[in-house]
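Down below is the structure, laid out as structure tokens.
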Amino acid sequence: MDNDNNIDFKDLWKKQTVSQPDMQDLLSRVSKFKKASLRSLWMTNILLFATSAFIIFIWIYYQPQLISTKIGIVLTILAMVIYLFVSNKLFSNYKDIDATQTNQEYLQKLILIQKKQQFLQTTMMSLYFLLLTTGICLYMYEYTSRMTVLGASLTYGITLLWILFNWFYIRPKQIKKQQDKINALIEKFEEVNNQLES
């Protein structure tokens, strides 16, 4: 009986020493996820603000004549502003993740971020691409109307192909990459919580 107790104690001790580094690894992964996500948000902000500033510069410098061009510019900038407005709401969620939280709090934060990311990746990204595509097509009309039919067709064709490539190839890859990262973290925290409860 005494031997059985020693074996049980050793097994428990082994399990405890194994789970401790796992928790440190998990917290390290969360920290990397937080830094990468914040960096990605900052890059998105910088790129979209720079693009909007460039589009406004083109508007002022080239003075488009047709109302369709002006509407196109407004729609393009509106797409970026709306996307930034919604995506920047994630800043506070990422910043709220800190090392003093319990496993359950980490899990709740990650699930909240996951839901907000899904909304951003589906509804907001669809609205963004719709406004952006409409804006670009309207903007291009003034300049393509001066081209030959072949030139205008090529210009619109290449532009729409690039948008479709982004929509059907690049966007799904980015979404999958983001979802895989957060899903892996959520699964690990659920495992840890299940271990603690059992």
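The values are calculated or read from the model by the stated rules, or taken from the named source; none is laboratory data. If you're wondering where the values come from, they're calculated on a predicted model, not measured in any experiment. Please note: Cβ atoms are built from the backbone with ideal geometry, for glycine as well, and neighbour counts cover all protein chains shown. Each accessible area value is taken on the protein alone, full model and side chains, heavy atoms only, with ligands, DNA and RNA left out. Shrake-Rupley method; radii C 1.70, N 1.55, O 1.52, S 1.80 Å.
When you scan the range 82-109, how many residues do you find that are of a type in the set (Asp, Glu) and in contact with a Lys or Arg (Cβ under 7 Å, 6 or more places away or on another chain)?
1
If residue 66 satisfies all but one of (1) at pLDDT below 90; (2) over 23 Å from residue 181 (Cα atoms), what's the number of the condition it fails?
For residue 66, the failing item is (1).
Does the range 64-98 hold any residues that are open to solvent by 10 Å² or more (accessible area, probe 1.4 Å), among the aliphatic types (A, V, I, L, M) and in contact (Cβ under 8 Å) with a residue 60 or more places away in the chain, and which are they?
Hits for the range 64-98 are 66, 71, 74, 75.
Would you tally the residues in the range 19-63 being surrounded by fewer than 10 Cβ atoms within 10 Å (Cβ to Cβ) and charged (D, E, K, R)?
0
Filter the range 157-198 down to the residues that are in a helix (DSSP H, G or I), free of Cβ contacts under 8 Å to residues at least 60 places away in the same chain, more than 23 Å from residue 87 (Cβ to Cβ) and open to solvent by 100 Å² or more (accessible area, probe 1.4 Å) and list them by number.
The answer is 158, 161, 187, 197.
Within the range 120-132, is even one residue among the polar types (S, T, N, Q) and touching a residue at least 24 places away in the same chain (Cβ under 8 Å)?
yes
Based on what the data block shows, is residue 136 in a helix (DSSP H, G or I), in contact with a Ser or Thr (Cβ under 8 Å, 6 or more places away or on another chain) and among the β-branched types (Val, Ile, Thr)?
Considered against the rule, which asks whether it is in a helix (DSSP H, G or I), in contact with a Ser or Thr (Cβ under 8 Å, 6 or more places away or on another chain) and among the β-branched types (Val, Ile, Thr), residue 136 comes out as yes.
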